[in-house]
Amino acid sequence: MNIRRFLPWIIGIGVIIIIAFWIMSLQNTALRHSQAVGKEWGNVDAAYQRRNDLIGNLVNTVKGAADFEKSTLTAVIEARAKATAVTVDPTNISPEQLAQFQQAQSGLSSSLSRLLVSVERYPELKANQNFIDLQRELTSTENQILTARTRFNESVEVYNGYILAMPQSFFLGSYKEKPFFKSVEGAEKPVEVKF
């Protein structure tokens with residue numbers, strides 16, 4: 001039997017197998033990067049959930065101050081409800097979904113800030129140990145949110161860089177570019193402090 005006769009077939013089949021394994025490797029790497037983005041989104045979501053839970057405790061503590069402004073508490077409760085109503089699917093995240101999520105979270109941050117500013121007029125509440133502990137926890141949670149958002153953006157950068165690069169982009173058409181967290185509109189302006 002003459003092996004030279006079959007050599008072109010063997011080489012052709014070998015090349016096809018190598019290309020198939022290379023394409024599978026591209027798909028598997030893209031899947032790992034996509035899963036990393038999903039994991040980091042879970043961390044972002046968990047940090048925001050922690051903040052929402054703390055806000056509930058904070059509102060209940062503030063409610064104990066009988067003469068506290070009800071409208072401020074109502075605004076925080078409503079903003080918290082809106083923020084928890086917005087959900088994002090990390091596997092199919094779109095810039096619009098992320099913007100809607102950020103807008104809801106920004107509204108909650110704004111109403112929470114108003115609540116904390118109005119607390120300044122209530123010395124007995126400011127001295128309440130539960131309130132002090134909750135403020136510390138909220139500060140810590142805001143730092144966790146920042147870290148989670150930063151890590152999410154880093155994993156999106158790796159994922160987008162991989163799927164959009166050549167030659168992967170030819171073979172990974174089913175993988176879509178994911179959006180980054182961006183600062184809320186107006187965040188670039190300096191904060192005006194009034195005494």
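Checking each residue in region 10-42 for being farther than 21 Å from residue 167 by Cα and among the β-branched types (Val, Ile, Thr) picks out 10, 11, 13, 37. Beta carbons closer than 9 Å, at least 6 apart along the sequence or on distinct chains, pair a first residue in region 1-12 that is at pLDDT 85 or above with a second that is assigned to a helix (DSSP H, G or I) for 10/3. Residues that are in a helix (DSSP H, G or I), without any contact (Cβ under 8 Å) to a residue 40 or more places away in the chain and acidic (Asp, Glu) do not occur anywhere in region 79-95.
Those residues that are hydrophobic (A, V, I, L, M, F, W, C) and part of a helix (DSSP H, G or I), I need them from region 148-181; list them, please. So that I can check it myself, show each step before the final result.
So the first thing to find is which residues in region 148-181 are hydrophobic (A, V, I, L, M, F, W, C), and the list is 148, 152, 156, 158, 163-166, 170-172, 180-181.
The answer is 148, 152, 156, 158, 163, 164, 170, 171.
Taken together, 28, 43 contain a single residue that is modelled with pLDDT of 85 or more and crowded, with 16+ Cβ neighbours inside 10 Å, which is 43. Quickly run through region 130-156 and pick out the residues that are closer than 17 Å to residue 93 by Cβ and exposed (fewer than 14 other Cβ atoms within 10 Å of the Cβ). If the condition is that a residue be closer than 17 Å to residue 93 by Cβ and exposed (fewer than 14 other Cβ atoms within 10 Å of the Cβ), then 150 is the only one that fits. Quick check: anything in region 118-137 under 20 Å from the mean Cα position of the chain (by Cα) and modelled with pLDDT of 85 or more? Yes, that holds for at least one residue. Can you spot a residue in region 54-73 that is surrounded by 15 or more Cβ atoms within 10 Å (Cβ to Cβ) and either of a type in the set (Phe, Trp, Tyr) or at positive phi (or both)? Yes, some residue in region 54-73 is surrounded by 15 or more Cβ atoms within 10 Å (Cβ to Cβ) and either of a type in the set (Phe, Trp, Tyr) or at positive phi (or both).
The values are calculated or read from the model by the stated rules, or taken from the named source; none is laboratory data. Since the model is a prediction, treat every value here as computed from it, not as a measurement. Backbone-built Cβ (ideal geometry, glycine too); neighbour counts: all protein chains shown.
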